[in-house]
Structure formats: C-alpha cells, structure tokens
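Scroll down for the structure; my scribbles are underneath it.
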Amino acid sequence: MKNIIIASITLIISLFCYIEQANAQYDEEKFYRVKISLDRVDILKELDLLGVAVDHVHIEGLEHSHNHKNFNNYDHQHTNGAITELSGWELNQMLNNGYSFEILIEDMATFYEQRYLNEISMMSKSEILAKSGAPLNFNLGSMGGFKTFAEAVASLDQMRSLYPQFVKEKESLGKSIENRDIWVVWLGTDWDETKPKALYTSLTHAREPNSMMAVIYYMWWLLENYETNETARFILDNRHLAFVPVLNPDGYEHNRMTNPNGGGMHRKNRRPVGSSNAGVDLNRNFGPFDFWNHPNGGSSDFTGSDVYRGTAPFSEPETAALRSLVEANSFRTAFNYHTFSNLLVYPYGALNRVTIDNHIFQGYAIEMTEFNGYVYGTDQETVGYNTRGNSDDYMYGYEFGNPRNRRNVIAYTPEVGSFSDGFWPVPSRIIPLSQENVHPNNLLALYAGPELRIPETMTPEPSISTLDVGTSNFLSFEFFEMYNYGRFDMKNAELILTSSSESVIILQESIPMPVIQADKTFNGSTDAFLIEFTPDAISGDDVFFELEFRVPWMRQNPIWSFTFSTEGVPTNGERNFDDIPIGVNLYQNYPNPFNPVTQIKYTLNRASDVQLEIFDITGRLVQQLVNERQTAGEYRVSFNASELGSGVYIYRLQSGEFILSRKMTVIK
C-alpha cells in the first residue's frame, strides 16, 4: 500500500510539472540552454520547420558533438539528447506544439557574462596577450574581451595609418537599418593591376563576435609578418583581399547596449518586424530567389524566429550591400565566418546534393582543416538539415542558367570554436581560436589565384637529348598532367630557359605557354627554344640548363634541371643567321673574352625603338649603348670596358616586344 501511495504521489507531481511547463510562457528576448529529447530521428528537422534555430546543436553521446560526416545517421536511441541555446520564442513554439525539453541554464547572457568576469578576475587581458604570441597591434576589446563595433572600426583605421602601402582607406558599402556604415577594407598592393581576389566576411550573426576577431587577427598577421614570413609577403604582393569584419553592426550594437560585458544573444539585424525578437536573419536573406524560397526549408516565415528570412531575398540593406561588393568584383574564393561548432561548411545548403565542383570544395577543405581539425562538408553532411538563403550558396550560385546568378565563388562558412566555447568564448580562447584559422585563411587567398599541381615524378620531356655545337638546335619540352588547382586561369605563363654553361647561347630565353584554365589540365609540347654555341665550345662536354615554369601571381614556380651531351664541330667565327626564324637577332660579341674593346652585332627586321644596355652579374645597369629609333637592318656597336673590372657581364637588346640577352667576359 505504501508503494502504491508513493507511486501515485510521483505521478501527480509529474503531471503537475508537465501541466506547468505546458502553460509556461518564456521571455521571448531571453535565451536558455536546453536539452531536447531525441525520441525519434527527425525531431530536429521538425523543429526547424517550426522556426526553431537548431544550427548549433550538441548531441550528447556523439564523440564530437555533431561534428562528424554522419550527422543524419545518428542513432537517436543511444544518445542522451540534443543540447542547444534557444530563445523564449522558440521554447514557446515547442511547448505549443507538444515538444518537451529540460532547462539547463536559465539565462545564457548572464552565463556568458559571469564566465567572462570569473576569468578576467584571475588573468588580465594584458597577461593573456603577453602569453599569446599575437600580432603586436592586435588587442582584446572591452566587451567580454571582444572589440565593440567602434573598436573594430578603430582597428581598421589603425591598419591604414600604420601600413598605408598595403591597406586601402575603408569604404562604406552602404548603411544598415539603423544607419550605420558597413565597412570594407582591402589589403594588397598595386591596385591598378588585376590580381586574384578573395573575400572575408564576419559578424553576420550579431552574437558571434569571435568570427570578427578571427578576421581582424588575420589582417594584423598579414601586415606585421610581411617582412619575415614568405607566405604573408606573397599574399600581400600577389592578391587583393577584401574584408568586411562587421556585416551586422546594428545587431552587434544592440548586444553591446544590452550586455556591455558581452554575452548578448541577439542574432538578427534590427529591422522592426512586429515581434519582440526584432530583425531578419541575414544568413537566410541571400538570393537567388530559388535558393531563398527552396521547398527543402532551412529558414522561417515566422517573424519571431531567429531564422526569419525576411520578405524577399536581399530585402535587407546589409545583404544588399554585400551583394553590391560581390557583383562588382570577381572574387574567386570566400570565407563567411560564423561561430561555433568547429566546422567548415560549403554548398549546397538549400539543395540536398553536392555541387559539380565538390572535388574542389572537398579538396581545399581537406588541406584547410589539416591543423585545426574542423569537420567539413555540406549543411546536410555537417549539421544535418538545409539552410536556404545563405551566403555561400549565393556566392557560388547556379551551376547552369542565368550567368548573373552564377558568381562561381568557392565560398565556405567556417564555424569557429567548440560547444564549450559557445557564442562568447572566454578571453583566453579568443586568440587561439583566431590562430587556428590563419592557415586556412592563407590557403583561401592562395587558391584564389593560379595553383599548379603536378605529379611528383613529372619532369618535362625534352625533344632531343644531344645538342650539336656546330648548328642551331631547336629544343622543346613535352609536359604531362599540368593541373591548375587554383581558381584563376594561368595566363601569361612562360617557360624560362637558362644555362650555367658559358659556351651556350640561348637566342630566345623565354617562350609563352598556353593558358591553363582553372580546374583544367595541360598535356602537350611547347614551342622550341633556339640554342647556339660559341666558337670555343668543346664537342663531347656536358652542358647544363634550368627550365622554369613562371606564372604571374602563382607561388612556387617549379624549376627543373637538365644535362645534355654535345656533339658536332663548333663553327669558326660568325654564323650565318639568315635562316633563323626570329624577328630580331643578337649575336655573340667578338672578340670574347676581350680587353678592353669588343663589337656587338644585331639585326632588326623592322623599324622600332631600340635599347642596347650593359649589366653586371647582379643586374645593375652599367652603361646604355643605344637608346633611339632605328630602321630595319644590321648594326654593329663598339663597347669599351676599360673602366670595368674583370668578370662576366650581360648585354641586352630590346626592340619593341623582343628582348634578347647574352653574356660576355672581360679579362684584364
């Protein structure tokens, strides 16, 4: 009897608690950490249809939260539930539709603020910076360690002041709902040149400040490491990078005003929508219309939802401002930073499939996540549901159809930080989270340009193996599997042939290469180099060459070394070059070696502006012998080296587009 009474009391209490929860109304502007029972496999997708933001969910019982490629296939019977942070509006939606949950933390803003105050009481910001290895000018901010909007803008101005040679003046892309500027800053050099471009954006969601800190950290890293780091120097010299650190200034300022110590949980912009949870989710407001309105879902028409998509694609001035930047520039790659989950997400979000460029997205992602261990994949592969109207889908665009909607940007969303970091990590985590993204940031910039990938065993195959010292040699090379792994066509590429053998004369030291388009492979032979020998060449000696494949804006131009045997009988004196198919000829000086006077002969096949110059072995101009317009014909110029020391010198002839050079030796 006693057991029956106890059981009855327990049942009554349980029913009372259920009725109390069912009748509860949660504060719509407040955020709670809750555990949701996963009693069936589709529950998160069902909640998504209700407008509940389930894009930052920790599945208890899975090894790495939801950070694995089989999120859709988790065994709900062997998990302890899903933990996430939801607004009171979302909890009311769940209650009204019969979903149960357990409140774990009553007020996330207070939780994040108190966590910050606890750490800062034990370790100051200056102590954190001193131990971090951060760039000298990177500082923590006043809002829970994060920069406020004003402090972020001040950092951009400071960059311009300290590094005007690399940083353009900030430009406003337009105004937000509450009339704040949306700033873009460009880093690079030689702004009149058309260089490969990459884009970095952050703070699309106002409660994700570490996205902004990671971007600003990287900007300082590039600037301060230009003189000492080869990669930083190459990127600033060979790329144009655009940074939009705060896409959602209104939402971020709202969080500052409500929670000046950090922890503000407002996500959207601040458009009035007739709900206490004002705003539109900017990362559900991008186009094109077919993505924004796709029937797979992934956003909400409920104005109170944190994933409210707005009335139309690009209805918000913030997304329209970013669209204007994207459409005005041919960005090849992009990072749209968010937090948290330790993910690298790529298209498609609206569609239940990968793109035709999935081999590119996945290939880059594998290398980008090599050190930070982020899990990569599409939305379905990483978070297990669709997101329609997101920035990555817009920037990549349609695979077919209207080219206006085909931006073809290889765009990713890095989700920075783990579940334990949350939306507002403690100050001591801000810099490590930023540092773990320097490597992927560098790769994103590099992949925006041409990037050569060749098999390790591939060596160009020469057309001949033996050179004749007594005649003209036409030497070409055959290439195999020259793959352009980057997103910028290999234009204006050339092969440069040089020789360390003094008897070798290369009459045309460079030849153009065919254009290798992005994601395409070149197999084939090149045009031929024309090689001659000096009269004192010795038949039977080996001669040595280096062949360089040089591409503008590409790192690590490959160089191959070749050794050729020689045969034949060298010519005496001058050769007859009448049959050589070159428009401009530059002959070996005679005598050579010499002291102190020699003759330089050249021929022109048409009238042109001519420069004949002497350089020392370091490339310093020693003397200009000719600088005038000349008619077609043969010319001889006397050069007196009486004031020069012994050594090897270079004489170079430029006639229109032709540039030829040879070596000569002064002996005293």
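The values are calculated or read from the model by the stated rules, or taken from the named source; none is laboratory data. Quick caveat, the model's predicted, so the values are computed rather than measured. So basically every Cβ, Gly included, is an ideal-geometry build from the backbone, and we count neighbours across all protein chains shown. Accessible surface is based on the protein model in full, side chains and every heavy atom, while ligands, DNA and RNA are left aside. Shrake-Rupley method; radii C 1.70, N 1.55, O 1.52, S 1.80 Å.
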For region 500-527, give me the residue count where each residue is assigned to a loop (DSSP other than H, G, I, E, B), touching a Leu at 6+ places or on another chain (Cβ under 8 Å) and among the hydrophobic types (A, V, I, L, M, F, W, C).
2
Determine whether region 397-408 contains at least one residue that is modelled with pLDDT of 90 or more, open to solvent by less than 10 Å² (accessible area, probe 1.4 Å) and touching a strand residue (DSSP E or B) at 6+ places or on another chain (Cβ under 7 Å).
no
Which of the residues spanning region 414-454 are open to solvent by less than 20 Å² (accessible area, probe 1.4 Å) and more than 19 Å from the chain's Cα centre (by Cα)?
417, 421, 422, 423, 424, 425, 427, 430, 431
Would you mind listing the helices (runs of 4 or more DSSP H) fully within region 220-331 where at least 3 residues are at pLDDT below 95?
289-292
Spot the failing condition for residue 464; the list is (1) more than 26 Å from the chain's Cα centre (by Cα); (2) at pLDDT below 95; (3) under 24 Å from residue 230 (Cβ atoms), and only one is missed.
(3)
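Residues checked against (1) open to solvent by 40 Å² or more (accessible area, probe 1.4 Å); (2) within 18 Å of residue 333 (Cβ to Cβ):
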{"site": "178", "(1), (2)": "yes, no"}
{"site": "182", "(1), (2)": "no, no"}
{"site": "191", "(1), (2)": "yes, no"}
{"site": "197", "(1), (2)": "yes, yes"}
{"site": "206", "(1), (2)": "no, no"}
{"site": "209", "(1), (2)": "no, no"}
{"site": "240", "(1), (2)": "no, yes"}
{"site": "251", "(1), (2)": "no, no"}
Across region 191-240, what is the number of residues that are in contact (Cβ under 8 Å) with a residue 12 or more places away in the chain and of a type in the set (Asp, Glu)?
3
Identity of the residue in region 338-364, in contact with a helix residue (DSSP H, G or I) (Cβ under 6 Å, 6 or more places away or on another chain) and small (Gly, Ala, Ser), that ends up surrounded by the fewest Cβ atoms within 10 Å (Cβ to Cβ)
350
Do we find a residue being more than 15 Å from the chain's Cα centre (by Cα), at pLDDT below 95 and outside any helix (DSSP H, G or I) anywhere in region 202-213?
no
Here are the criteria: (1) surrounded by fewer than 19 Cβ atoms within 10 Å (Cβ to Cβ); (2) touching a residue at least 60 places away in the same chain (Cβ under 8 Å). Tell me which single one residue 335 does not satisfy.
(1)
Restricting attention to region 180-188, does a residue exist that is free of Cβ contacts under 8 Å to residues at least 60 places away in the same chain and over 27 Å from residue 416 (Cα atoms)?
no
For residues that are surrounded by 21 or more Cβ atoms within 10 Å (Cβ to Cβ) and either under 20 Å from residue 380 (Cβ atoms) or without any contact (Cβ under 8 Å) to a residue 12 or more places away in the chain (or both), tally how many sit in region 295-332.
5
Which residue, of 194, 189, is at pLDDT 95 or above and in a loop (DSSP other than H, G, I, E, B)?
189
Residues within region 130-155 that are in a helix (DSSP H, G or I), open to solvent by 10 Å² or more (accessible area, probe 1.4 Å) and farther than 22 Å from residue 422 by Cβ, tallied:
4
Residue that is least open to solvent (accessible area, probe 1.4 Å), among those in region 613-668 that are in contact with a Lys or Arg (Cβ under 8 Å, 6 or more places away or on another chain) and of a type in the set (S, T, N, Q):
661
For region 228-238, enumerate the residues that are β-branched (Val, Ile, Thr) and surrounded by fewer than 19 Cβ atoms within 10 Å (Cβ to Cβ).
228, 231
